[in-house]
Every structure is written in structure tokens, then in C-alpha cells.
Amino acid sequence: MNSNESITTDTGLELVNPLERLKEEVASLKKMVEKADDQKGCTLLEKYDEEDAKANAQRRMLSLANEQEGRQRAFAEEMKTVQDKVLDMSKVKLEMENELKRLHDELESKKAEAAKLKQKFEIDATIPHREVKFTGPHLYEGVDNYRSIRGVFAISQTPTLLLTGGQAVIAFEDETVASQILKLAKCSVACEQTVLTVKPKRICLNPTVLFEIHLEVPKNELKVTDIPAVTSEERTKTSLELSFCRASTGGGEVERVEYDATDGSAVITFLHTGVAENLVQRGKYNVNLNKQVAVKVEPIYKYKLLQFQTFCGTSKRTVLIDDIEDDEDVEDLLDYLEIHFQKPSNYGGEIECIKYIPGQKAQQAFFQLNSTAPQK
């Protein structure tokens with residue numbers, strides 16, 4: 001009997017061969033195994049893909065963490081730099097505010113000092129009236145007195161010395177006495193209840209200058225400014241000459257015109273005197289430069305600095321007394337100093353004048369050129 005054949009029973013049921021059935025089951029199991037293998041492979045591939053994605057995500061997260069840390073460090077460094085700059089700017093601002101306050105205080109001090117000096121040296125003098133009879137100009141040989149006004153001003157600076165608190169100056173009548181006092185290293189001045197030890201010093205005056213200013217004002221010349229550059233240089237010169245030669249507007253015959261186009265100014269020289277003098281009193285003059293233009297007219301001042309001398313020196317009859325302790329009344333202290341330095345036993349002599357500056361004060365002493373005594 002063939003193994004693949006089926007068996008039919010008397011009841012009519014067909015019995016399947018067991019071997020055949022086993023083969024079918026084996027085939028079914030094989031398919032199931034293959035299917036399971038396929039699913040396992042897909043699962044492994046998905047697992048590998050997920051692990052790769054996880055590794056990539058971890059690397060990305062690590063990279064982002066490192067980048068964040070780097071940026072935080074850079075931000076912290078930049079913040080520190082900005083804070084340092086802000087601190088430096090705050091220090092600079094504070095220094096500038098202090099400097100501004102110092103300059104403002106110095107300016108106020110200078111203003112107060114200038115007001116005091118102005119009040120001190122302001123001169124109010126009444127010049128007596130005197131009748132003057134004009135007989136004619138006095139002519140000097142080689143000098144054209146009609147075409148210019150000349151003046152010579154001698155300027156001399158008064159020698160000065162700044163006296164501070166605890167200092168005095170004593171001017172003796174005899175310079176020999178001052179020379180003897182200067183040879184002493186120190187002097188002991190007897191007061192009512194104490195003895196002051198002071199130091200005599202030679203006076204070195206601040207440098208001074210002496211010079212002359214020669215001033216000349218031409219009578220036939222004037223300066224013109226505020227000239228607009230609306231035409232060419234030659235045409236402007238011609239227009240200026242034509243405008244200033246009109247007698248109807250106060251002009252006169254023009255000798256020459258010197259025009260400077262860079263600053264819009266000109267020098268007009270008239271043939272005769274008097275014209276420029278009358279025009280400068282107006283201050284303005286109308287010239288025709290394609291249209292009427294008001295220009296400024298003013299006199300010409302020519303300066304020369306001559307005989308300039310600078311010198312410094314010492315006072316032969318005046319002695320500086322330093323290191324004076326301010327323990328006594330000012331008037332009493334002056335009396336003690338004067339009594340001490342007048343005694344021949346202290347190498348002193350007759351005193352012409354004496355000045356003392358108390359502590360915390362300062363004063364400028366002025367010396368005449370022909371005298372060594374200080375002037376307040």
C-alpha cells in the first residue's frame with residue numbers, strides 16, 4: 001500500500017495517512033519559523049537603527065552640551081569684560097567729575113582773585129582841565145607826520161615774590177645789615193613767653209620782562225572785511241576801487257587796492273589822508289559787487305615789539321624770614337621781629353619796612369625796580 005494513499009472505512013469516513021499529515025505540519029512549522037526569522041531580522045534591524053539613532057542623539061546632546069558650556073564661558077568672559085569696562089568708565093567719570101569740580105573751584109578762585117586785583121589796581125584819577133592853543137604840527141626830520149599816527153609804549157613788569165603763611169620780609173636801610181643777617185643760619189627772636197627760631201633767607205625775585213610796543217595807524221589806509229566771493233579776484237578789486245573812489249558816498253581817490261580772496265579782506269590805500277579816518281567811523285560801507293553789499297571797514301594797526309628784555313634778580317636790602325610759628329598776635333609778633341632785627345647786637349640795623357603773612361594766608365609782594373623795599 002502506498003504511504004500517500006488514504007484509507008476508506010466501512011462507515012464511509014476517509015482516514016488521512018499520518019505521515020502525510022506530519023509533512024503538512026512540518027511545512028507549516030517551517031513557514032512559521034521562516035516568518036519568525038523574518039520578524040526577528042526586522043526586529044534586529046529596527047533595534048540597530050534605534051541604537052544608531054540613540055548614539056547619534058547622545059553625540060548630538062553631548063555636542064550641544066559642550067557648545068552650551070562654551071557659550072556660557074564666552075558669555076561669562078564677555079560679561080566680566082563689560083563689567084570691567086563699566087568699572088573703568090565709572091572711575092574715569094569720577095575722576096573727570098573731581099577734575100571738573102577742581103577746575104570749577106579754581107576758576108571761581110581765579111575770578112575772585114581777579115576781582116580783588118581789579119578793585120585793588122583800579123585807578124580813578126581826575127585830570128585837571130588845561131587850555132591848549134594849537135599852533136601847528138611839529139615835524140620831525142625823516143618822518144611823514146601827515147600819513148600816520150605813531151605811538152611808543154614802554155611796558156615794564158613789576159618784580160614780585162609770593163609770600164606764604166609764616167613768612168615775613170624785612171627791608172633794611174643799609175644793605176650791609178641785610179648781608180650780615182643772611183650769613184646767620186637761624187635767629188632766636190625773644191617774645192613775651194617764648195623764643196621763636198626763624199631762618200633768614202635771600203630773596204630771589206620772579207623773572208620779569210621789559211619791552212616797547214611801537215604802534216602805527218596809517219591815516220590813508222583802511223581794512224575791509226566780510227567781502228563775499230561773488231566775482232573773480234580782478235573784478236572784485238576793480239569793484240572795490242570804483243566803490244571807494246566815489247566822493248558822493250564819502251570815498252576819495254584810491255591809490256591802490258590789495259585784495260586777499262582767501263579770507264575775503266582787502267586793504268584800501270587812498271591818495272590823501274582824511275578819507276580813511278571818516279570811513280572807519282561809520283564801521284560799514286556799501287560796495288557794488290553785482291549788487292549792493294555792506295562790508296566792514298576798520299583802521300589798520302601795525303605793531304612792532306622792540307627792546308624786549310627779560311631779567312631776574314635779588315634784593316640787596318631785603319631779607320626773607322621763614323619758619324615763623326604763628327603763636328603770637330600779629331601786631332605783637334611784628335613788634336618782636338622789628339625789635340630783634342633793629343638791635344646791632346643781633347647784627348641788625350635800621351628797618352625801612354617790614355611785612356608779615358600769618359599762617360594759612362598768602363600775599364604777593366611787589367618790588368620797585370629802583371628800590372628793594374617790598375610794596376603790598
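Data table
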quantity	calculated
Verdict on Gln157 being closer than 30 Å to Asp329 by Cβ and open to solvent by 10 Å² or more (accessible area, probe 1.4 Å)	no
Any pair with Cβ under 8 angstrom, 6 or more apart, that starts in region 10-25 at a residue that is at pLDDT 75 or above and ends at one that is of a type in the set (S, T, N, Q) and open to solvent by less than 80 Å² (accessible area, probe 1.4 Å)	Leu19/Ser3; Glu20/Ser3
Region 180-225, residues that are open to solvent by less than 60 Å² (accessible area, probe 1.4 Å) and closer than 14 Å to Leu320 by Cβ	Ile181, Leu182, Leu184, Cys187, Val198, Pro200, Ile203, Leu205
Condition broken by Thr314, with the remaining ones in (1) farther than 18 Å from Leu162 by Cα; (2) open to solvent by 60 Å² or more (accessible area, probe 1.4 Å) satisfied	(1)
Considering residues of region 282-307 that are of a type in the set (D, E, K, R) and outside any loop (DSSP other than H, G, I, E, B) only, the residue most open to solvent (accessible area, probe 1.4 Å)	Lys304
Residue check, Leu279 crowded, with 16+ Cβ neighbours inside 10 Å and of a type in the set (A, V, I, L, M)	yes
Residue that is nearest to the chain's Cα centre (by Cα) [pool: residues in region 246-276 that are surrounded by 18 or more Cβ atoms within 10 Å (Cβ to Cβ) and in a loop (DSSP other than H, G, I, E, B)]	Gly251
Leading residue by the ranking (farthest from Asp329 (Cα to Cα)) among those in region 187-229 that are without any contact (Cβ under 8 Å) to a residue 60 or more places away in the chain and not hydroxyl-bearing (Ser, Thr, Tyr)	Ala229
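The values are calculated or read from the model by the stated rules, or taken from the named source; none is laboratory data. For clarity, every value in this text was computed on a predicted model and none was experimentally measured. Don't worry about glycine lacking a Cβ; one is built from the backbone with ideal geometry, like all the others, and counts go over all protein chains shown. With ligands, DNA and RNA removed, areas are computed over all heavy atoms of the protein, side chains included. Shrake-Rupley method; radii C 1.70, N 1.55, O 1.52, S 1.80 Å.
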